[in-house]
1. Name all residues of the stretch A:2-24 having a backbone nitrogen under 11 Å from the label point set 7 Å from the Cα of B:Val67 along its Cα→Cβ direction, giving them as ranges.
2. Can you compute the modelled spin-label distance between C:Phe116 and A:Ala40, with each label point 7 Å from Cα toward Cβ, in nm?
3. Among rounded, prolate and oblate, which fits the protein assembly as shown when a ≥ b ≥ c are the square roots of the eigenvalues of its C-alpha gyration tensor, a/c under 1.5 means rounded, and a/b larger than b/c means prolate?
4. Applying 1/(1 + (r/R0)^6) with R0 = 60 Å to the Cβ-Cβ distance of C:Val30 and B:Ala117, what FRET efficiency is obtained, to the nearest 0.05?
5. Taking the stretch B:107-190, which chymotrypsin sites (Phe, Trp or Tyr not before Pro) meet the DSSP loop condition and have no more than 14 other C-beta atoms within 10 Å?
6. Which order do B:Cys210, B:Cys26, C:Cys55 fall in if you start with the one that has the fewest other Cβ atoms within 10 Å?
7. Mean residue ellipticity at 222 nm from the helices of chain A, using -39,500 (n - 2.57) per DSSP H segment of n ≥ 4 over the full residue count, to the nearest 500 deg cm²/dmol?
8. Give me a comma-separated list of calculated 3J(HN,Hα) values for the stretch A:8-14, in order, Karplus coefficients 6.51, -1.76, 1.60 applied at θ = phi - 60°, integers in Hz, x for any Gly or Pro.
Amino acid sequence: MPKSIRLVIAVLVACVSAALGLSLTYAATAPRIAEQDRLAEERSLQAVMPDADDFEKVADAALLEAAAAAAGPTDLKDVYLASEAGAHAGWAIKLASRGYGGPMQLVIGLDTSGSVTGVSILSMNETPGLGTKVLTESWFIEQFVTLPAGFDDADVRALDSISGSTRSANGVRNGVAAAGRVYAAVLSGEEGGAQ
Amino acid sequence: MNEWIRTFRQGIGIENPLTVLMIGLCATLAVSTQVQNAAFMGLAVVFVVTMSNILVSVFRNAIPSEVRIPIFIVVIASFVTIVDLVMKAFVPGIYQVLGIWIPLIVVNCMILGRAEAFAYHNKPLLAIADGLGMGIGFWLVMVVLATIRELFGTGAIVWFETTLVRLPAGYAPPSVLLLFPGAFLVFGFMIAGTRWLGERSAARAEARACRR
Amino acid sequence: MDDAVERRVVGPAPHIAAPTTCTHIMLWVVAALAPSALWAVVTMGWVAAQLLLICIGVALATEYLWNAIARRPQTLTDGSALVTGLLLAMSLPPRTPWWVAAAAAFVAIGLAKQLFGGLGHNLFNPALVGRAFVAVSWAGVFAAAPSRGWFQTLPEVTAEGFDAISGATRLAVAAADRAASGAYGFDLAAQYQPLLLRNLEGSLGEVSAALLIAGGLLLIVRGIIDWRIPAGYIGTMALVSWAFGADALFHILAGGVMLGAFFMATDYVSSPMSKTGRIVYGVGCGLFNAVGRFVGAMPESTTFAILFMNGLAPLIDRMTRPRTFGWVKRDA
């Protein structure tokens, strides 16, 4: 057998067995991963709107496109329709805002009047102990609830930042401001329960 | 058996991948801001280096030397992906923090280095010793580095929301320790420390030999 | 014979012995900085004197202890630790907490100077490393001057001075204005006089640009520092500020430019040796300082601009090495 063929076979065998091993692992872990993802999403939505009992992802392409345009430089991921005991209770907006160490995944809850019910950080890559102050200094996240209904960018800018973690704090603030713009441009005109 | 123990100890001590060979530093410096992250990252590395060493060693006669590097990479990448999936399924919190650094274990030159320098030329049992020794050596240095950086950089060590140690409230943590300059700084002192220890023990061994 | 002079600047051995010693140079630097330091104490009050004492004291103590522990000859008398401590104090805001100032001085001497092998071996300017270390570590101290602990036992400076010091500096206000509307909310030209003569915002070294310029000119006239570095630095700073559509005079007077250009960037050890190299180095400092101000996240960037160019200094030296005797250029 020529040498080159032997080499090809060796690499081929290695790749095929690797693929086999990986597909087995994937099959074993996939359901658990999906379950974890679903749980994480549910927890994050529940965290920003504790009163709501059901969330439904908005699938209306035109609405999402308009919302993404309104979110501006911030990257809009999803919009959820929240309901409480069957009645429309507000919206949850999932977006990725730029922090110091890359995108920060945020969820922002808005009630039907457009005021913030809660903000939660799904994931971020900020410097531990420095940028992560946006999470550990709980007053920072909590202050967004004080924003007036139908707030705009200037209202968000008037809130306090965290000294030493300006970029991370701005990441969160820009995200909330983007949610405000989405509400003002798109969601405020939407009729709640109408599907 | 002596040979096994000697190989195992080499990875932790005189051939420590981080403080002596200084390979695989990138992820080490990036992840060692929290003990919790460093410990899990280190565990992932222990697993991958040991498994890839075993596999490479078992098949060392079947792997043609012309294509050994691509095959090593396939082996390492497979184990890294396995770790990636398993961590995602069972410790999602840690997985989220470590993020990109888990897939990047593939290019951690320490693992490829052990496959190439040791496992490819040695029997599986010894390869296990080498993989475990190197992995644990990596883990230890990483955790010590992270302990120093987290304790003095944030003023406390937090393990899954539980505060293990907290420095007195008057301590104002210098956040430079959490940034890259701090990582290099602390790591530099650790290298100096191991050098000093190594030289001291070498001098002692020499003194013993002379007395005989 | 310009060429011959060119070669004499960093000629190889043999050298002629001159009365200019290290101590001599260091004392001239101290003398040139002394008026600014005294003026800072007079205008800002006791806090400035305390800061000077802390920085110089810790710098000298660290130098002494290091030499004692490492069993090296004592180097206190060469004056370099004194200069480092003084420069460091001049680069800090007056209300810096004492432990931050002490940490900066310790890092400057212990880490940036002695760990690299002592005077003559440090790659970076020790005073700036000390300042950078604390600026990154305790960013809050520099973002807003605190008034806790140590200071409360001190006699307050005048009410007007106090407010000015704890508030944002002109540069920070200017940066915020730029970010918000692209224009300045205050009259820049009205700032020339206070910046030149009596400015209570920012660090000790920002108190009077005129005194710093006078000190710098003295050093240039005495041949202690080379005019090329400050000229390249300040010239570039003005040019880039103008290119960004900003007031050039305001931007060279405000912040750390004067202290940086005359006293920090000209540090013998961490700046290039050749004449061309010094111009390149000065221009680089000015460029990064200006770009840092207009594009960066922080209002001022003197420290990092000079530290960055310190790192490049060996490369600049290599690229601008004067031609040596004794060989013929190929394909002339």
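Only the coordinates and a few stated rules stand behind these numbers; no lab work does. None of the values given here were measured: they were computed from a predicted structure. Neighbour counts run over all protein chains shown; Cβ positions are idealised from the backbone, glycine included.
1. Within reach of a label on B:Val67: A:3-16.
2. That separation, rounded to one decimal, is 4.3 nm.
3. oblate
4. Efficiency, from the Cβ-Cβ distance: 0.60.
5. B:Phe160, B:Tyr171
6. The order, fewest Cβ neighbours first, is B:Cys210, B:Cys26, C:Cys55.
7. -15000 deg cm²/dmol
8. Coupling constants for the stretch A:8-14: 4, 5, 4, 5, 4, 4, 4 Hz.
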